[in-house]
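Below you'll find the structure, written out as structure tokens, and then a few comments.
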Amino acid sequence: MNTNTVLVALVALLIGGIGGYALSAQTNNHWGAGMMSQDTNTNGMMGMHRMPDGSMMSNDGGMGMGSMNGMDHMMDMMVSSEREFIEGMIPHHQEAVDTAKEVIARGGTTPEIKQLAEDIVFAQEAEIAQMKQWYQDWYGEEYADTGEYMPMMRDLSQLSGEALDRTFLEDMIMHHMGAIMMARSVQPYIEHSEIEKLTQAIVTTQSDEIRLMRQLLSGL
């Protein structure tokens, strides 16, 4: 079985069939999205609702058209070395930290969402510091941001209240999926036990947070 297909299947299992959608891999080793929804509303759209920015999202907290930006960037989550993993995961983590801090500063509408954002900041800032130190130790130079990372999260600056919470949760689910894919893809190339432990922690923690975020979305 194609390695990409295996990785996609693993992520789909980890996130519990998020939003009734299934991920599929294309034969050219890029990631694609095979979108299948379980519900149909009176407008003929399959379990979707319209977001403030005009995008479409699934009613049960899954990904819709508004998250296709995240899906596009998930194509770049495959890595083939520890160095590539670190260089990709640091800016990916930093985006999650920055977004979570914005939600904390502006005030999530529920204590659970605020706690989630705080947990993301705490865990991922520590992991960023670890990865930067490993980069220095293993490659003899400081990690430097190349500026090539493409953001996966939407702009939250014009949102507030429930719209802010919903967009944050929807986008962070996709963001976590990308981190899990990257952590899975580096497995055949691991040389250091530190990376093995980190990838295991990422998969476990972010899979749990995906399930939590789906629950939080269903309550909005």
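The values are calculated or read from the model by the stated rules, or taken from the named source; none is laboratory data. Computed from a predicted structure; not experimentally measured. Counting neighbours? That spans all protein chains shown, and the Cβs are built from the backbone with ideal geometry, glycine included.
Restricted to region 81-108, and to residues there that are in a loop (DSSP other than H, G, I, E, B) and modelled with pLDDT under 95, the residue that is nearest to the chain's Cα centre (by Cα) is Gly108. Checking each residue in region 131-163 for being in a helix (DSSP H, G or I) and surrounded by 16 or more Cβ atoms within 10 Å (Cβ to Cβ) picks out Met131, Trp134, Tyr135, Ala163. As a summary of the residue check, Glu170 satisfies the conditions (1) assigned to a loop (DSSP other than H, G, I, E, B); (2) under 15 Å from the mean Cα position of the chain (by Cα); (3) crowded, with 19+ Cβ neighbours inside 10 Å except for the one numbered (1). Condition test on Ile180, is it surrounded by 13 or more Cβ atoms within 10 Å (Cβ to Cβ) and under 17 Å from Asp98 (Cβ atoms)? In short, no. Please tell me if Thr204 is surrounded by 13 or more Cβ atoms within 10 Å (Cβ to Cβ), under 16 Å from the mean Cα position of the chain (by Cα) and without any contact (Cβ under 8 Å) to a residue 24 or more places away in the chain. For Thr204, the condition - surrounded by 13 or more Cβ atoms within 10 Å (Cβ to Cβ), under 16 Å from the mean Cα position of the chain (by Cα) and without any contact (Cβ under 8 Å) to a residue 24 or more places away in the chain - is met.
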